[in-house]
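Scroll down for the structure; my scribbles are underneath it.
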Amino acid sequence: MPGGAGAGGAGAGAQPGKPGKPAQPPKSSKPPKPAEPSTPGSGSQPGGGDGTTKPPPSPPPGKPAPPPAPAALTLSAPQRAPADKRWCEKVTVEFRNTGGSPARSGTVTFATHIIGALGVDWATIRSSQSLPAPIAAGATRSETYTVCVESWRVPLGMRVETQDVSAVWE
């Protein structure tokens, strides 16, 4: 049975010129390309690969919301001005609360340096005063303090410089 229909069958192109069935390419020659991954969670997109994100779960009804973030104060550099006595100076500090709760109370600590006539730093004296509380969340507050050391520590020709300021708060 040379050249019979059993060898090639009635495949595409067996009857050229007949308009009944258009010739189709084999399915393996052009696989379809999906635009997105076909399995949920397999893509690089958060939520499931379909381009949507899921919001974080909300607390069940009847449960309180999580507490706000604690107070977080940042302090400006001290702005110094002379006072009426050589062993004192006026120091202005700006407090900025970047936290989610108010700063209700606290202490501000000043590091005051005693400087000699030739610029030698002879000593550093620490002193503390109250924080100008309360400082609301997101608020900025400026306060001017009079910072003094004992008069005998600053003889004639010497001066004071408050160079560092820190704070602790609740």
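Starting from 0 in steps of 10 Å, tell me what percent of the Cα-Cα pairs of segment 123-163 lands in each bin.
Histogram of Cα-Cα distances, whole percents per bin: 20, 42, 23, 14, 2.
Can you pull the semi-axes for segment 85-140, root of five times each eigenvalue of the Cα gyration tensor, sorted largest first, whole Å?
Working: eigenvalues 198, 21, 19 Å².
Output for segment 85-140: semi-axes of 31, 10, 10 Å.
Projected area of segment 62-170, taken from the Cα convex hull and averaged over every viewing direction, in nm²? Numbers along the way, then the final one.
Numbers: hull surface 29.4 nm².
Its average projected convex-hull area is 7.4 nm².
Under the Karplus relation 6.51 cos²θ - 1.76 cosθ + 1.60, θ = phi - 60°, what is the ordered set of whole-Hz ³J(HN,Hα) values for segment 65-80, x standing for Gly and Pro?
5, x, x, x, 4, x, 5, 9, 9, 10, 10, 7, 5, x, 9, 9
Would you tell me the accessible area of Cys88, worked out with a 1.4 angstrom probe on the heavy atoms of the protein chains, in Å² to the nearest 10?
Near enough 10 Å² of accessible area.
The values are calculated or read from the model by the stated rules, or taken from the named source; none is laboratory data. For clarity, every value in this text was computed on a predicted model and none was experimentally measured. The area values use the complete protein model at the heavy-atom level, side chains included, leaving out ligands, DNA and RNA. Shrake-Rupley method; radii C 1.70, N 1.55, O 1.52, S 1.80 Å.
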